[in-house]
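**Q** Here it is: the structure, laid out below.
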Amino acid sequence: MTTNGDAAADAETVGAASDADWEAQIRANRDEKDEFFAEHPQSPLDAADRDGFDGLDYFEPAPEYRVEADVAVHDDPEPLELTVDDAPNQRFLRVATFTFELPNADGEPVEQSLCAYRQEGADALFVPFRDKTTGQQTYDGGRYMDLHPDGDLGDDDPVTVDFNLAYTPFCAFNDAFACPLPPTENWLDVAVPAGEKAP
């Protein structure tokens, strides 16, 4: 899939960190990704844009947006096509639904859910989403998370969903990339001021 920063950083492993070094790992991960954008041949930035690049914009690490989610596994995953701007739709399987709580504008916990998708033959779970920051503080095409759970998902296995790892798809930086748009079932009702900001 050409939609995300698989080559940029294996960010999903950060979710397994202990609380003691979680923030340090988040910041180290961001430094690594900035270095990728600035120097790697697979960077989505054109060579001309790399010269003035001084790092991506991020929200400050926010532990309240690192949540434990209940998992409902779809034993017979339903296929669906995600819309892609200016490119053919991409086929995915809806493999699981995560349910969790996030704070609303008043700081009260509100139950939310996101579906996780997988392309056939892929290992990673792809979680595109929109929230109340989309089009304002964050990219108007939504953001992504990639999850790599240990082993097979089970209905009784909690999964850490860390929105501090939410990232902007590469198509925001370069039209050569095709990026699926988050479907309406993954539009959150709350603002998530965590992860990457709009470029």
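Read the figures in this text as sums done on the coordinates, not as results from a lab. This one's a predicted model, so the numbers in the text were calculated from it and none came from an experiment. Quick reminder, even Gly has a Cβ in these numbers, built from the backbone with ideal geometry, and neighbours come from all protein chains shown.
**Q** Which number do you get for Rg(Cα) / (2.2 N^0.38 Å) in segment 69-127? Before the final figure, lay out the partial values.
**A** Details: Rg = 14.2 Å, N = 59, 2.2 N^0.38 = 10.4 Å.
Relative to the 2.2 N^0.38 Å estimate, segment 69-127 comes out at 1.37.
**Q** By the 4.7 Å beta carbon criterion, which cysteine residues of the chain come out unpaired?
**A** For the chain, the answer is CYS115, because their Cβ atoms have no other cysteine Cβ under 4.7 Å.
**Q** Would you please give the residues with an amide H less than 5 Å from that of LEU188, counting only those at least 5 places away or on a separate chain, with H modeled from the backbone geometry?
**A** ARG130, ASP131
**Q** Using bins 5 angstrom wide from zero, how does P(r) for segment 91-199 break down, in % of all Cα pairs?
**A** Once binned at 5 Å, the Cα pair distances of segment 91-199 give 2, 11, 22, 25, 20, 12, 6, 1, 0.
**Q** Enter the per residue convex hull volume of the chain, computed from alpha-carbon coordinates, in Å³ rounded to the nearest integer.
**A** Taking the convex hull of the Cα positions in the chain, it is 121 Å³ per residue.
**Q** Taking the Cα centre of the chain as the origin, how large is its charge dipole in debye, to the nearest 20, when only Lys and Arg (+1) and Asp and Glu (-1) carry charge on their Cβ atoms? It would help to have the intermediate numbers written out before the result.
**A** Details: 12 positive and 45 negative charges, 110 e Å.
My answer is approximately 520 debye.
**Q** If you don't mind, another one. Okay, helix-only estimate at 222 nm for the chain: each DSSP H run of n ≥ 4 adds -39500 (n - 2.57), divide by all residues, round to 500 deg cm²/dmol; what do you get? Walk me through the intermediate numbers first.
**A** Working: 2 runs with 23 residues, N = 199.
Helix-only estimate at 222 nm: -3500 deg cm²/dmol.
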